[in-house]
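Inspection log for the structure reproduced underneath, given as structure tokens.
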Amino acid sequence: MSQPAFEVLESTQVRVDRWANGKAEAFVDHVAEEIPVALVYNGISHAVMLASPSNLEDFGVGFSLTEGIIDHVGEIYDCSVQQEESGMTVQMEVASEKMMRLKERKRSMAGRTGCGLCGTESLKHAIRTPQPVPNGHTLSAAKLHIAFEQLRQQQLLQLQTGATHAAAWLAQEGDVRIMREDIGRHNAVDKLIGALLRSGEDVSAGAVIVTSRASYEIVQKIAAAGIQTLAAISAPTGLAVRMAEDANITLLGFVREGRHVAYAHPRRLV
């Protein structure tokens, strides 16, 4: 898969007036960038999402799997990123049978930060029931909490701008091996899953950790990747809990300050 030959800034400097204790001072701040990203399959535009302009090959691959366009990474023959006047395009070439599937359920989707259903045509397309993930690994609770502390220090764009979410892969040994940031929590998860697929990382043991709430879309995405455990710094939704129960996913929320709440299948945490 080809790499882009250009650089797009993830953040921009802006001049601001910062108020504190009744006084104002001139200050140079950093703000996170977001751009329209078109996902194009075999020359046909499928979706336009707003995303941070980084790791877009990972985004395209992860989105393709978690949206059910492909079943495994080998069905993407090529992936390249092109800079356009009004945004970026991720061009992907997929297997012809997958393109037929895509045409059958084609939709035009304009994504927004934090929105997981923009452009869905009908209720039956809104919530897809994933296949249950297998039973398997266990994960140390102590290592999980250490990983969240490590993740906070690795979120360079968040530390600079205060505007992004992160999703990271925590290996069973306790190492945070891959991390992706984005203005959208769903995008961050798609980028992480794409990076895992492209790297060949074994996802049969370990966990995805996220700096957001655990929405049902995130549970759905990690189920599509066959990942068994999701841990979030904030709360899950009721639909996310029910989906995690049905998909055999260990779902943890409020993972912070040495505490957590297990909402589904807690047996994997030791």
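Pairing residues of the range 208-219 that are touching a residue at least 60 places away in the same chain (Cβ under 8 Å) with residues that are part of a loop (DSSP other than H, G, I, E, B) and among the hydroxyl-bearing types (S, T, Y), at Cβ distances under 8 Å and at least 6 apart in sequence or on separate chains, gives S215/T237; Y216/T237. Just one of (1) touching a residue at least 40 places away in the same chain (Cβ under 8 Å); (2) surrounded by fewer than 23 Cβ atoms within 10 Å (Cβ to Cβ) fails for V176. It is (1). In a residue-by-residue description of the range 161-181, the property of being over 17 Å from the mean Cα position of the chain (by Cα) and more than 25 Å from N55 (Cα to Cα) applies to at least one position. If the condition is being aliphatic (A, V, I, L, M) and either more than 19 Å from G184 (Cβ to Cβ) or not in a strand (DSSP E or B) (or both), then the range 48-99 contributes L56, V61, L65, I69, I70, V73, I76, M92, V94, A95, M99. Within the set A195, A168, the sole residue that is surrounded by 18 or more Cβ atoms within 10 Å (Cβ to Cβ), assigned to a strand (DSSP E or B) and touching a Lys or Arg at 6+ places or on another chain (Cβ under 9 Å) turns out to be A168. Criterion applied to E57, E84, E7, E97 was being outside the structural domain of R180 (by TED's automatic domain parsing) and at pLDDT 95 or above, and the one residue passing it is E57.
The values are calculated or read from the model by the stated rules, or taken from the named source; none is laboratory data. From a predicted model like this one, the values you see are computed outputs, not experimental measurements. Cβ sites come from the backbone with ideal geometry, for glycine too, and all protein chains shown count toward neighbours.
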